[in-house]
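Report on the following structure.
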Amino acid sequence: GPGSASLWLHLGAVGPKRVALNSDGSLPAPPYTLEDNPISWLEHADLVFLDPVGTGYSRGKDEETEKKFWGVQGDIDCLGEVIRLYITRYGRWRSPLYLAGESYGTTRGAGLAGWLTGKGMALAGVILISSVLNFQTLHFDEGNDLPYVLYLPTYAATARYHGKLARRYQNMALPKFLAEVEKFAAGPYAAALFAGDRLPAKERKAIAAQVAAYTGLSEAYVDRADLRIEHIRFGKELLRDKGVNIGRLDSRLTRDSRTGNAERWEFDASYADICQPYTGLINDYVRETLGWQTDDRYRVLDGLYGKWKWVDNQGYTDTAQNLKQAMTQNPHLRVLVTSGYYDLATPYFATDYTLARLGIPAAQKKNITVTYYDAGHMMYIEEGSLKKLADDVAAFMKG
């Protein structure tokens, strides 16, 4: 998102039904099926899924009206008021209240945590799945070197997964390998990018060689890219010799390439694996099981990103301070953060970077729990990670 409906978490991990994919999260042959979800979060809480205006079946009376809600603050104000009305009408002011969001839903979730706290609504917990609170960590803009540093460990995990690295790296345990890459990324690599044209040729060559060793790309390619690898170009280049592209949402997943000499892939291979089954099954489930009959289109991911009114914080939207506000005003608020190692949309190291700069009191840092998964953005499409996510959420709610 922004502009995504809630079907991914609903039919992927949280609700009573789940889209049946292959065990690794890849696309099965149609027809697609829904199966019972034995580890639904219903075991722990009542569930309310919100589709923001312009997604799912949520509508304004016209697009001009909808535009009021298509922005960082308008979205937070709208959904905050929906939550307030819901807990008022259903008598839930004394119930423990948890917020869970995925992807842009974490940007929204952090903003809502601040909004609700400011309205006197105490949250018990916030669950941030595949987070982005500060968009400077993701935007490969001219003059912004931060994403190149923060994406590097995910490039390395991806290259290792696809067998593109030297034997020493392939045989290392993934957490140990990534700790080595993170140290290089935040140290020599970041310093090299900071140096720019002042970087001596010998040091540049050494940095290019190490980036190539960690990413599976050639030294020549890294050098031509001025040491700066953009994620969609990485997704095209890594397995170019095999004629396949890797996914952005989940870099474990691949698709055959239609254009062997292009710089960027034509579509996200991992989104292609989930779009059709989730879209078809949410439409079937709403109509045939829940009995909601309408000719309106269920808007899954409707391109609101380009229409969105972004909040400028020195050029980048950032709701991390909203989360800090909620945590400092409510010192009992707990936060669970989940990240996939193969997520090229919201890389885990970018999330770690943002959390390290929240600036909350030292005593409250114990209220933040961070967990990692051997999967991508929607880590729950992989069966082992689905179970781990459920276990992590159960421990968080019981803790």
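Calculate, for the chain, the solvent-accessible area per residue in square angstrom, rolling a 1.4 angstrom probe over the heavy atoms of the protein chains. Spell out each step's value before the answer.
Numbers: 18140 Å² over 399 residues.
Computed with neighbouring chains in place, this is 45 Å² per residue.
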| note | Everything considered on the Cα gyration tensor (a ≥ b ≥ c; rounded for a/c under 1.5, else prolate if a/b is larger than b/c, else oblate), the chain must be described as prolate
| request: With θ set to phi - 60°, apply the Karplus curve 6.51 cos²θ - 1.76 cosθ + 1.60 along region 233-244 and write out the HN-Hα couplings as whole Hz, x wherever there is a Gly or Pro. | output: 5, 4, x, 8, 7, 4, 10, 4, 5, 9, x, 10
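Treating only the Cβ atoms of Lys and Arg (+1) and Asp and Glu (-1) as charged, compute the dipole magnitude of the chain about its Cα centre; round to the nearest 20 debye. Each step should come with its number before you reach the end.
Values: 46 positive and 47 negative charges, 192 e Å.
Approximately 920 debye in magnitude.
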| Under a point-charge model restricted to the Cβ atoms of Lys and Arg (+1) and Asp and Glu (-1), what is the dipole moment magnitude of region 1-152 relative to its Cα centre, in debye to the nearest 20? | 700
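How would region 118-204 be classified by its alpha-carbon gyration tensor: rounded, prolate or oblate, with rounded meaning a/c under 1.5 and the a/b versus b/c comparison settling the rest?
Numbers: a/c = 2.88, a/b = 1.39, b/c = 2.07.
Oblate, since a/c reaches 1.5 and b/c is not below a/b.
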| remark: Here the FRET efficiency for residue 287 versus residue 43, based on Cβ atoms and R0 = 35 Å and rounded to 0.05, is 0.85
| Computed on alpha carbon atoms, what radius of gyration and Dmax characterise region 37-79, expressed in Å? | 14.2, 42
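What is the projected area of the convex hull of the Cα atoms of region 134-174, averaged over all directions, in nm²? Write out the running numbers ahead of the final one.
Working: hull surface 14.4 nm².
The directionally averaged projection comes out at 3.6 nm².
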| request: For region 84-145, just list the percent of Cα-Cα distances falling in each 10 Å bin from zero outward, please. | output: 21, 41, 24, 10, 4, 0
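Cα gyration tensor of region 293-399, axes a ≥ b ≥ c as square roots of the eigenvalues: rounded (a/c below 1.5), prolate (a/b > b/c) or oblate?
It is oblate, given that a/c is not under 1.5 and a/b is not larger than b/c.
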| task | Keeping all protein chains in position, work out how much accessible area residue 72 exposes to a 1.4 Å probe, and write it in Å² to the nearest 10. | result | 10
| field | Accessible-area ranking of 271, 155, 90, 341, largest first, probe 1.4 Å | value | 90, 271, 341, 155
| task | Over all alpha-carbon pairs of region 1-85, lay out the pair-distance distribution in 5 Å bins, whole %, shortest bin first. | result | 3, 13, 18, 19, 15, 13, 11, 8, 1
| query | In whole angstrom, how long is each semi-axis of the equivalent ellipsoid of region 231-282, when you take the square root of 5 times every eigenvalue of its Cα gyration tensor and sort them from largest down? | reply | 22, 10, 9
| task | List, in order, the whole-Hz ³J(HN,Hα) value for each residue of region 197-207 obtained from phi through the Karplus relation with A = 6.51, B = -1.76, C = 1.60 and θ = phi - 60°; use x for Gly and Pro. | result | 5, 7, 5, x, 4, 5, 5, 4, 4, 5, 5
| How large is ³J(HN,Hα), in whole Hz, for each residue of region 65-71 in order, when computed from phi with the Karplus curve 6.51 cos²θ - 1.76 cosθ + 1.60 and θ = phi - 60°, using x for Gly and Pro? | 5, 4, 4, 5, 9, 8, x
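Probe radius 1.4 Å, ligands and nucleic acids ignored: give me the carbon and sulfur share of the accessible area of the chain as a rounded percent.
Details: 9160 of 18140 Å².
For the chain, the apolar C and S fraction of the accessible surface comes to 50 percent.
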| Per the helix-only calculation at 222 nm, which mean residue ellipticity applies to the chain, given -39500 (n - 2.57) for every DSSP H run of n ≥ 4 and division by its residues, nearest 500 deg cm²/dmol? | -11500 deg cm²/dmol
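Counting Lys +1, Arg +1, Asp -1, Glu -1, what net charge surrounds residue 121 among other residues with beta carbon under 15 Å of its beta carbon? Can you show the working numbers first?
Values: positive: 84, 89, 92, 94, 119; negative: 77, 81.
My count for the surroundings of residue 121 gives +3.
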| note | Listed by chain and number, the residues whose amide H is under 5 Å from that of residue 376, excluding neighbours fewer than 5 places away on the same chain and using placed H, are 342
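The values are calculated or read from the model by the stated rules, or taken from the named source; none is laboratory data. Predicted model, so just to flag it, every value in this text is computed and none were measured. Note that each Cβ is placed from the backbone with ideal geometry, even for glycine, and that neighbours are counted across all protein chains shown. What goes into the accessible areas is simple: the full protein's heavy atoms, side chains included, and nothing from ligands, DNA or RNA. Shrake-Rupley method; radii C 1.70, N 1.55, O 1.52, S 1.80 Å.
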